[in-house]
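One structure is given here, and the rest of the page talks about it.
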Amino acid sequence: MSLKKKISMTVNGEAVSAEIDPRRHLVDFLREDLFLKGPHLGCEQGACGACTVKVNGQIIRGCLFLAVQADGSIVETIEGATKSGALEDLQNAFMRHNAMQCGFCSSGMLLAAAELIEKQPHATRAQVREWISGNYCRCTGYHSIVNAIVDVLSARANA
Amino acid sequence: MKAAQFDYVKPKTLSEALDLLVETGDDARLMAGGQTLLATLNMRLSEPSILIDITGITELKGISVQGESLRIGALVTHTEIEDSDLVAKHAPLLKLAVPHIAHRAIRNLGTWGGSLAYGDPAAEWPACSITLQATMIIRGPSGERRIGAEEFFIDLYTTSLEPDEILVATEIPIASKDQISYFNELARRHGDYAVAGIAAVAKKSGDVLRDCVFTFFSVGATPVVATKAQALIDGQELNDQLIKEAVEIARSEIEAIADLTNSAVAKQHLIGVLLERCLKDMLAQK
Amino acid sequence: MELNGEQLIAAPIPDVWRGLNDIDVLAKSIPGCEEISRVSPEEIHAKVMFKIGPVRARFSGKLLLSDVIPEQACSMAFEGSGGAAGFAKGRSRVELKLVDGGTLVSYTTEASIGGKLGQIGGRLISASAKKIADDFFQKFAKELGGEVIPLQSAPED
């Protein structure tokens, strides 16, 4: 007897239906079944943050969330966030500050940063550092990433 | 690594979930936030044949004040606690603790009840629930029962919950006007498992602390309350000398257990460090 | 990882010794024991389900006895495989002594746990192992019709 479940959800604004194994993680479903390669697999334990995606408006670990749990939900990956333009100033700031090298952490980093800017528009540098400590970067040493986020926070505050 | 195969069911009501638990026994695992469970399954440290997702059960959600108690539903997420005005007002200790729990993405899904039911020695909520004298509300096939937080945590990853029971909510006496709180956690990196931690409250008037509770976590198999240090401080004018004595007593009354990060001797030392910081902070609080 | 301890069991030495060598008593005493058999006078095979919190790891292993001094002491070497969860390997020495109140069982154990259980699941290996050892002795004492008498001082780290 097949254990597969029928699920349907919205991914980056589009309706998606599938029949999948309950054990399939959301991030694997997005990457392998929907070919959305933006979110990455790092540790598969929830620690590194490379798999971060948005479900129903909040960031979650795609490796600690089953695709079946997303049934009836609104899912957003970096691809959708880019298309909608919601991350434009953040992405520009990342480029200006050289906050990306290999890019592996960037998808998760940007989505995490976006939630910070939304929830704590007056975050201090220390708060920014604490918030993004859930996303590992092996290349940049983090300062450029923090600078980019602080840049956007102050630009928006002064807007 | 990927989890082994399992079936998945999402009951709509608490009684449905309880019936399922009885039917499936140890072959099933309850899932709330899944932030610990899914990692465990990913590593195949557990291979249940079925996952019972309880996140659809509205009865387990919500934060409310009922009389003199703050009721927190088992499915309330760490983020909801972080954002709650009711918690900020009536159980400020929790607000102090929440930023120490992992990271935002985990907090968005992880739950109050999940952390309590799992009973990880390094977790924040078990210690906080003891400090705040929470009452656990549990439902099983034979109905509802209540148990105090201190009795609820029995041993390593072992709580009073029977295999066919579900933690439904907790009730915490709302903070009195003169209550102050202190929380601190030492970890190698922010968000890591605690190396040692303290969750403390006291009633303050002038420089005198009364009804103090100092609960230490990640130093033993369950959170540990420093009853002798509490007795020493209670009703006394707090000063450097008293703090020093309290630190010594706390270090001698608690028998710490080593873990992968620190020896028992190191943990013993850190108990004193945390209590000193706590008392100095409480002395300075208005 | 080291695990050393002492348990005082309210039962005479011959009973305790016999119990430690009795497959049926061991089957009922080892927490999570699913199968156990004596393959030879020195070799025991067992399947044990290790349960802590949500973790369920089924270990299949063997125990080899050596340096046996009847009714006094014995050594054992053990190794077990927990499938995807990991593996465990170690040595232990158990000594029996007649004291006031019954038999004092002292054990010293050195074990290494590898694989996932050792790396990640094993944040509190020594606490988990101690809990299992305590559970074992509670059940073992009950099987002998005696009980475990709490000792005043706990073992040093």
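Where a number appears in this text, it was derived from the coordinates with a stated rule and is not lab data. Treat the numbers as computed from the prediction; the structure is a model and nothing was measured. Cβ coordinates were reconstructed from backbone atoms using ideal geometry, including for glycine residues, and neighbour counts include every protein chain displayed.
How do B:Trp112, B:Trp125, A:Trp131, C:Trp17 rank when sorted from fewest to most other Cβ atoms within 10 Å of their own Cβ?
The order, fewest Cβ neighbours first, is C:Trp17, A:Trp131, B:Trp112, B:Trp125.
How large is the dipole of the range A:70-119 about the Cα centre if only Lys and Arg carry +1 and Asp and Glu carry -1, each at its Cβ, rounded to the nearest 20 debye?
200
Relative to the Cα centre, what is the charge dipole magnitude of the range C:2-149, using +1 at the beta carbon of each Lys and Arg, -1 at the beta carbon of each Asp and Glu, and rounding to the nearest 20 debye? Present the calculation step by step, with values, prior to reporting the outcome.
Values: 18 positive and 19 negative charges, 156 e Å.
Charge dipole, the range C:2-149, about its Cα centre: 740 debye, nearest 20.
Along the range B:201-215, what does the Karplus equation 6.51 cos²θ - 1.76 cosθ + 1.60 (θ = phi - 60°) give for ³J(HN,Hα), rounded to whole Hz, x for Gly and Pro?
Taking θ as phi minus 60°, the curve returns 9, 6, 9, 10, 9, x, 9, 9, 9, 10, 6, 6, 10, 10, 10 Hz for the range B:201-215.
Along the range C:20-27, what does the Karplus equation 6.51 cos²θ - 1.76 cosθ + 1.60 (θ = phi - 60°) give for ³J(HN,Hα), rounded to whole Hz, x for Gly and Pro?
5, 9, 9, 4, 5, 5, 4, 4
In the range B:48-102, with Lys and Arg counted as +1 and Asp and Glu as -1 at Cβ, which of these residues, B:Leu94, B:Val76, B:Ile50, has the Cα nearest the positive end of the dipole, that is, farthest along it?
Result: B:Leu94.
Could you compute the net charge surrounding B:Lys228? Neighbours are other residues with a C-beta less than 15 Å from the C-beta of B:Lys228; K and R count +1, D and E count -1.
-3
If you put +1 on each Lys and Arg Cβ and -1 on each Asp and Glu Cβ, how big is the dipole of chain B around its Cα centre, in Debye rounded to 20?
820
Give me the net charge of A:Asp151's neighbourhood, meaning all other residues with Cβ under 15 Å from the Cβ of A:Asp151; Lys, Arg count +1, Asp, Glu -1.
Details: positive: A:Arg96, A:Arg125, A:Arg129, A:Arg156; negative: A:Glu88, A:Asp89.
Charge balance near A:Asp151 sits at +2.
Considering the dipole of the range A:18-119 built from charges on the beta carbon (Lys and Arg +1, Asp and Glu -1) around the Cα centre, which of A:Gly62, A:Ala50, A:Gln101 is farthest to its positive end?
A:Gln101
For the range B:1-95, which GluC sites (Glu not before Pro) are in a loop by DSSP, counting at most 11 other Cβ atoms within 10 Å?
For GluC sites (Glu not before Pro) across the range B:1-95 that sit outside H, G, I, E and B with at most 11 neighbouring Cβ atoms in 10 Å, the list reads B:Glu68.
I'd like the antiparallel share, as a percent to the nearest 5, of DSSP beta bridges with both residues in the protein assembly as shown. Write down the numbers at each step before the final one.
Values: 112 of 121 bridges.
For the protein assembly as shown, the DSSP antiparallel bridge percentage is about 95.
Once the other residues with Cβ under 13 Å from the Cβ of B:Thr58 are scored (Lys, Arg +1; Asp, Glu -1), what is the net sum?
+1
Can you pull out the trypsin sites (Lys or Arg not before Pro) in the range B:143-222 whose DSSP state is coil and whose Cβ has at most 15 other Cβ atoms within 10 Å? Present the calculation step by step, with values, prior to reporting the outcome.
Values: sites: B:Arg145, B:Arg146, B:Lys177, B:Arg188, B:Arg189, B:Lys203, B:Lys204, B:Arg210; in loops: B:Lys177, B:Arg188, B:Arg189.
Here the trypsin sites (Lys or Arg not before Pro) that fit, given the DSSP loop and packing criteria, are B:Lys177, B:Arg188, B:Arg189.
Kindly state, to the nearest 0.05, the FRET efficiency for C:Glu95 paired with A:Ala155, given R0 = 51 Å and r defined as their beta-carbon distance.
That pair, C:Glu95 with A:Ala155, gives E of 0.10.
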